[in-house]
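What follows is calculated from the coordinates using simple rules that are stated; it is not laboratory data. Keep in mind that this is a model prediction, so the values were computed, not measured. Glycine also receives a Cβ, built like all others from the backbone with ideal geometry; neighbour counts cover every protein chain displayed.
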C-alpha cells in the first residue's frame, strides 16, 4: 500500500508517519512521539517516486471470505491447527479455551499434511474431547469466522518437527485473571489492561482493590496483573507463594521496583552515568529537571521469535513505547530476555543525552522464575493509552503462555 505525500492532506500524512528525534526544546506538554504506524507495529518505510515506479503492484481483494473449516457433521479429522498470527489471535484462543476443549500449543515449528506451522500454533486433537464431533466442527467454523486460519490435520505423525503427541505440545490452560486496582495503582495502566482484556480480547478478569488483596483467596486464579503503582502495603509473601504454586505474575512500570525491593524478582535497573555540571543557576532547576523527564519516546526492540512471549510475531523488530526512564538490564540468563532494545534503539521522540547510554540493549520484557511460576516484567506499559497495538500481543502472550515458559530459561534470584 502506498500513501502519496503530494495531496491536500500532506501535513496530516507527515504528522502520522514522521519520526522526529531532534527538538528545539526539551519540555513537552505530552508525549514527544506519535508515529502511528509504529504504534500498530506495521512494517513501513518512506519511498521515492523512482522506487515506486520500479515496484510491481497488483490489486487484491482485501475482503476475501474465509472458507469454513468443515461443514457441520459427525466425521472430523485427526486434529485442527489454528495459526498464531494476527492481532485477534488472543481473542480466538480465549474463545476456544472457554469452550472447555483440550488445547495444545506447539513449542517448535512442524509440518503436517503439506503445511508448515510456526511456534505458538494451537493444536486441537479430536480424540477424547468433552464435546461431540458436531459441536467440535461448529466451534472450528466459529473461530474461522472470527478470523482464524484453521487447518485440518489427518495424521499425528509429522514429517518435520515434533509429532503431535510429543512433549513439545503442552496443554494450554484457561487464564483466570486477577487485576489489581485502587489506591496507589496507576489508573491509566490498570484501565489499559482492563480495556484490552474486556473489550478487544473478551478475556474475563476480576478487578480487586489493592487494600483487599492481602485477605483474598488466590486459589481460583492463575494470572495476577500488577500495574504500575506504589505497593508498599502489599503482601510480598502472598505474591511469592502465588508464583511458587504455579501462578503467572505480570508486572509493569514501577511495580518492578517493588518486586525488587520485596525480594521477589532479581531486577537490575540502569542509572544515568552522565557527567554532572559543577554549577548551575538556581533559576535553571525546574527546566533542568524537566529536560531529564522522558516524555514518551519510541524505541526499536529485537524479538526472539522462538520464545512463547513472542509467539505470533513474524518480524524480529518491533517498535515499543517507553513513557518513563525505567530502563532494566537484560537478565544474566541468556534466555530470560526475549525482547530487548537494539544497540541504537531510538526511533522517534526526545531522550536526554545523559540517558541515551541506558537505552541500548535494555530489556523490553524479562522473565523471572519463582518455584513453579513465572514473573514477567514489563518496564513500560505494553498497552499504552490503548492505542499502542503493536505490543499488546506480548502482554496477551504473557497471560496465555506464561506458564509454558521453561523454568531453565528464567532469571533466578
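Quick look at the values:
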| read-out | value |
| --- | --- |
| Virtual spin-label span in nm between residue 30 and residue 56, 7 Å along Cα→Cβ | 4.4 nm |
| Mean Cβ neighbour count within 10 Å, used as a protection proxy, ranking 260-268, 135-143 highest first | 135-143, 260-268 |
| Ranked list, fewest to most other Cβ atoms within 10 Å of each Cβ, for 108, 189, 154 | 154, 108, 189 |
| Label point distance in nm, residue 235-residue 284, each placed 7 Å from Cα along Cα→Cβ | 5.2 nm |
| For a label point 7 Å along the Cα-to-beta-carbon line of residue 332, residues of segment 369-397 with backbone N under 16 Å | 369-370 |
| Taking the chain and dividing mean pair separation by its residue count, relative contact order in percent (alpha carbons under 8 Å, at least six apart) | 19 percent |
| Sequence of 233, 176 once ranked by neighbouring C-beta atoms within 10 Å, starting from the fewest | 233, 176 |
| Normalised contact order of segment 255-413, rounded percent, pairs of Cα under 8 Å and 6 or more residues apart | 28 percent |
| Proxy reagent accessibility, fewest Cβ within 10 Å first, across 127, 245 | 127, 245 |
| Linear extension gain, residue 217 paired with residue 167, 0.36 nm per residue minus alpha-carbon span | 14.8 nm |
| Per-pair calculated FRET efficiency, R0 = 51 Å: residue 198 and residue 354 via Cβ, rounded to 0.05 | 0.80 |
| Hydrodynamic radius of segment 310-357 per Kirkwood, over alpha carbon pairs, in Å | 12.9 Å |
| Between segment 362-383 and segment 297-313, the alpha-carbon center distance in angstrom | 13 Å |
| For segment 87-146 versus segment 224-272, the gap between their alpha-carbon centres in whole angstrom | 33 Å |
| Residue list for segment 332-359, given a label point 7 angstrom along the Cα-to-Cβ vector of residue 316 and an amide N cut-off under 14 Å | 338-343 |
| Volume in Å³ per residue [convex hull over Cα atoms, computed for segment 79-153] | 82 Å³ |
| Estimated [θ] at 222 nm from DSSP helical runs (n ≥ 4, -39500 (n - 2.57)) normalised by residues in the chain, nearest 500 | -6000 deg cm²/dmol |
| For the chain, Kirkwood radius (reciprocal of mean inverse C-alpha pair distance, Å) | 23.2 Å |
| For segment 252-364, Kirkwood radius (reciprocal of mean inverse C-alpha pair distance, Å) | 15.6 Å |
